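Asker: Below you will find the structure I want to go over with you.
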Amino acid sequence: MESGAHGCADAALALFERFLGPSLLEDVRRSLGVRSGGGLFSAGLTIWLGIRRRLHGGLSIERTWLACSHDVVLRLSPSSKRSQSGVLSASASGYDHARHAIALPLVLAASDLIFAEAQALLNSDPRGWYLIDGTSLTLERTASLAKAFPPASNQHGPIHWPVVKIAVAHDLYSGLSMRPEWGPMHGPNAVSEQALAYKLIERMPEGCGVIADRNFGILQVAWALTGRPMLIRLTDSRAKSMLKGKGTLDQDVDVLHDWRPSPWELSHHQEFTKQMIVEGRIVVRHVIGPKAKKVRVCLFTNDIASSPEELTLLYTKRWNVETDLRSLKQTVNLELVGAQSPDMVAKELVLSIAAYNIVRTIMVQAAELAGVQPRRLSFARAVACIEIFASRGVTTPEAIEEMLILIAGRKQPNRTKKRTFPREQWPHRQKFPSRKAEVVK
């Protein structure tokens, strides 16, 4: 355990305390009817240590606890006799037990509170646009995880690693992320990204719009978005079918369209009804894409006022969610989730999003101070600056402002040309034969 003031100037910790103070978290715990663990590891301290692990790319349990100062423990667990005495164990077993024991509903509620408080602090427009997308994450191989999230299989048999599918919704302007939805990617209980998106839509702020790619360009998603602004890309085949008698894909199109289920869909899918009609507009535009090639973009929207060019430009911003997922996988280190049970997988996912949102909040503050768009700033640079200034142990407002200026000091380039180097990698030598997956009984 560190005994100095290391971490007192941690901007991330300051935001965490502002968003989720001990009294507020205690009120949430009581409203959920969750039993208090008591002792040194309060809910606030346990959740913060989980967030700190993700902020530093997935630290080990031992290193996370050893790097935590007594001042931080006292601030987040003020009523504990051990924190007041200053006598803290160097063993991380207590924290390891606490992170397993903390109730998942409390962790979910804490993540939702951080998201809501961050929105309020940044004065985010609740009627703004959200970017929906999905991805998959690899899990550790344990019997419980292989059962809950079965691995893929091919002609050679099952693959070793279990896989979880997640769906996310990110604010277009700030990059803040709602708590994700997840489920198995393979096996008899496999869920689709669209099914996970329905759950996200139910929790979205009222009146906000949704931008989604072709994977979500189906009637069920459009129906779920009824009453919200939507901008969904369609596959060429679906757009061609919907445009029968109204235009062709070889030309630019802008026509009103009532999206309704086809006779085949009504006869083969029980969830479709004749009442499922979404009024909107189909826009087809041909834009210059990579390597100066023309790319066809087919969009469905219920925005009648905007021009086709404005809608096409708005859709191009959907790519931001792809870079957000890259930040979660690489910087927050979610590419391989280091958990041993489904319950801990859920906690790791939720706390990773909470850590991501804290960094995003600081990035928006830095962007507003510098007068630039938040999306122009580097997430990895922001995490590095937060850690560097936390290690200095300086608490003055001048130091915080210096950190914000440093975060905004290098803007991401607006790429107008293709990369000057090919996206290739050197192959790895195979020194040992591949292991075969063990059958989990």
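The values are calculated or read from the model by the stated rules, or taken from the named source; none is laboratory data. These numbers were taken from a predicted model, which means no experiment stands behind them. Quick reminder, even Gly has a Cβ in these numbers, built from the backbone with ideal geometry, and neighbours come from all protein chains shown. The protein model used for the area step is the full one, side chains on, heavy atoms only, and it has no ligands, DNA or RNA in it. Shrake-Rupley method; radii C 1.70, N 1.55, O 1.52, S 1.80 Å.
Asker: So Asp254 passes all but one of these: (1) outside any strand (DSSP E or B); (2) touching a Pro at 6+ places or on another chain (Cβ under 6 Å). Which condition number does it fail?
Answerer: So the condition that Asp254 fails would be (1).
Asker: For the range 229-256, name all the residues that are in contact with a strand residue (DSSP E or B) (Cβ under 6 Å, 6 or more places away or on another chain), open to solvent by 30 Å² or more (accessible area, probe 1.4 Å) and without any contact (Cβ under 8 Å) to a residue 60 or more places away in the chain.
Answerer: Once the filter is applied, which keeps residues that are in contact with a strand residue (DSSP E or B) (Cβ under 6 Å, 6 or more places away or on another chain), open to solvent by 30 Å² or more (accessible area, probe 1.4 Å) and without any contact (Cβ under 8 Å) to a residue 60 or more places away in the chain, the range 229-256 yields Lys246, Asp252, Asp254, Val255, Leu256.
Asker: What single numbered condition from (1) under 30 Å from Pro263 (Cα atoms); (2) buried (at least 17 other Cβ atoms within 10 Å of the Cβ); (3) of a type in the set (Asp, Glu) fails to hold for Glu279?
Answerer: (2)
Asker: Select from the range 303-316 the residues that are in contact (Cβ under 8 Å) with a residue 12 or more places away in the chain and open to solvent by less than 50 Å² (accessible area, probe 1.4 Å) and list them in ascending order.
Answerer: Asp303, Pro308, Leu311, Thr312, Leu314, Tyr315
Asker: Taking the range 282-302 only, how many residues are open to solvent by less than 100 Å² (accessible area, probe 1.4 Å) and part of a strand (DSSP E or B)?
Answerer: The qualifying residues number 13.
Asker: Every residue in the range 343-375 that is touching a residue at least 60 places away in the same chain (Cβ under 8 Å) and acidic (Asp, Glu), please.
Answerer: If the condition is that a residue be touching a residue at least 60 places away in the same chain (Cβ under 8 Å) and acidic (Asp, Glu), then Asp343, Glu348 are the ones that fit.
Asker: Further question on the same structure: Taking the criterion of being assigned to a strand (DSSP E or B), in contact with a strand residue (DSSP E or B) (Cβ under 8 Å, 6 or more places away or on another chain) and closer than 21 Å to Asn333 by Cα, would at least one residue in the range 145-164 satisfy it?
Answerer: Among the residues of the range 145-164, at least one is assigned to a strand (DSSP E or B), in contact with a strand residue (DSSP E or B) (Cβ under 8 Å, 6 or more places away or on another chain) and closer than 21 Å to Asn333 by Cα, which makes the answer yes.
Asker: Of all residues in the range 77-102, count the ones that are within 13 Å of Ser42 (Cβ to Cβ) and either modelled with pLDDT of 90 or more or among the hydroxyl-bearing types (Ser, Thr, Tyr) (or both).
Answerer: Count: 10.
Asker: Determine the pairs where a residue that is at positive phi, located within the range 75-89, has a partner that is open to solvent by 100 Å² or more (accessible area, probe 1.4 Å) and in a loop (DSSP other than H, G, I, E, B) with Cβ atoms under 9 Å apart, the partner being 6 or more residues away or on another chain.
Answerer: As it stands, the answer is Gly86/Ser3, since those pairs meet every condition given.
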